[in-house]
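The structure under discussion appears below in the form of structure tokens.
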Amino acid sequence: ARRALAKMRAARDKESLAHRVDALLRRFEQRALDSGRKRIRVPFYLARVLVQVVRQWARDRCPQQAASLAFQTVLSIVPVLAVATAALRALGHFSAESSFVNFICANLIPVSREEISDNLRHFSQNITFESVGLVGLITTSLLAFVMFNNLERIVNYIWRSEKNRSITQKFVVFYFSMTVGPLLLGLSLVEAARFGLTSGISGVFFGLASSFTVLLLANVFLPTPKVRLVPALIGAGLTTLLFEVAKLGFSAYVSQFALSNYSGIYGAVAIVPLWLIWIYYSWLTLLLGVEVAHAVQNLGTLEH
């Protein structure tokens with residue numbers, strides 16, 4: 001009983017401390033607003049958002065959710081690519097399919113891109129009706145859909161959504177995300193390559209713009225509640241920034257230190273644990289962007 005009472009007191013103290021911090025930040029911000037000095041108001045507003053993001057990050061168990069998504073990614077990355085490239089292959093756009101897979105690997109995988117890209121393309125092309133049959137195709141599609149469904153569930157949990165989409169609505173969103181999206185991106189990559197926009201400095205900006213657009217659409221359309229444009233832009237921008245900065249640092253770390261040390265332990269599969277770490281970090285940044293968008297849009301409600 002004493003232990004339970006001590007835990008209750010500790011939780012109450014933490015909650016009261018958080019409320020005191022929120023009240024202090026709001027008071028300082030109101031004073032800055034009353035004085036007409038809006039420049040002073042911005043840091044206090046950012047601090048208020050940061051407090052709520054930290055609180056919601058812990059409450060939503062985002063590190064555990066990211067670990068779950070990383071595990072599902074390992075299981076479903078080939079089925080997802082197979083479904084995503086099916087439309088390109090069916091329409092005969094083989095160059096667009098190759099450009100799409102190379103673009104995904106170049107922007108999402110900072111280590112051994114060529115090797116992983118070739119293997120993923122080879123595995124996804126092997127998933128056909130002749131090779132796996134009807135049951136295999138249904139299983140592949142289900143694995144890809146389960147991955148998408150779990151991501152949507154976690155995003156809606158962060159947004160405190162009590163309204164869930166029906167299976168039909170989820171499948172429609174999944175279908176357009178996995179077919180129309182890769183088709184448009186693959187064709188745009190082919191057209192951009194004709195004008196030299198996928199290499200050099202132009203290629204860097206094209207990759208940043210594409211990543212930001214995908215994250216923005218995810219922030220807008222994955223949650224069931226209506227997401228305003230400004231919070232979605234802030235969340236997508238933060239995720240893109242953290243992702244690109246970490247990609248440069250991770251590439252340098254792997255090429256100059258990790259592979260030379262881990263290859264003696266893991267041999268040829270030294271890239272596997274490093275790739276798993278990168279997948280986990282990628283999901284962490286995406287969930288952080290969702291948390292930031294949710295905190296910006298519902299700051300007053302969260303503080304209340």
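The values are calculated or read from the model by the stated rules, or taken from the named source; none is laboratory data. From a predicted model like this one, the values you see are computed outputs, not experimental measurements. No Cβ is skipped: glycine too gets one built from the backbone with ideal geometry, and neighbour counts run over all protein chains shown. When the accessible area is computed, the model is the full protein with side chains, heavy atoms only, and any ligands, DNA or RNA have been set aside. Shrake-Rupley method; radii C 1.70, N 1.55, O 1.52, S 1.80 Å.
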Seminar exercise, completed: Given a Förster distance of 30 Å, the FRET efficiency implied by the Cβ-Cβ spacing of Lys170 and Arg61, rounded to the nearest 0.05, works out to 0.85
For this session: Note down the accessible area of Leu46, probe 1.4 Å, to the nearest 10 Å².
Result: 110
Exercise. Between Leu217 and Leu75, what FRET efficiency comes out of the Förster formula 1/(1 + (r/R0)^6) with R0 = 35 Å and r the beta carbon distance, rounded to 0.05?
Worked result: 0.90
Exercise. Given R₀ = 22 Å, FRET efficiency for Asn150-Val54 by Cβ-Cβ distance, to 0.05?
Worked result: 0.35
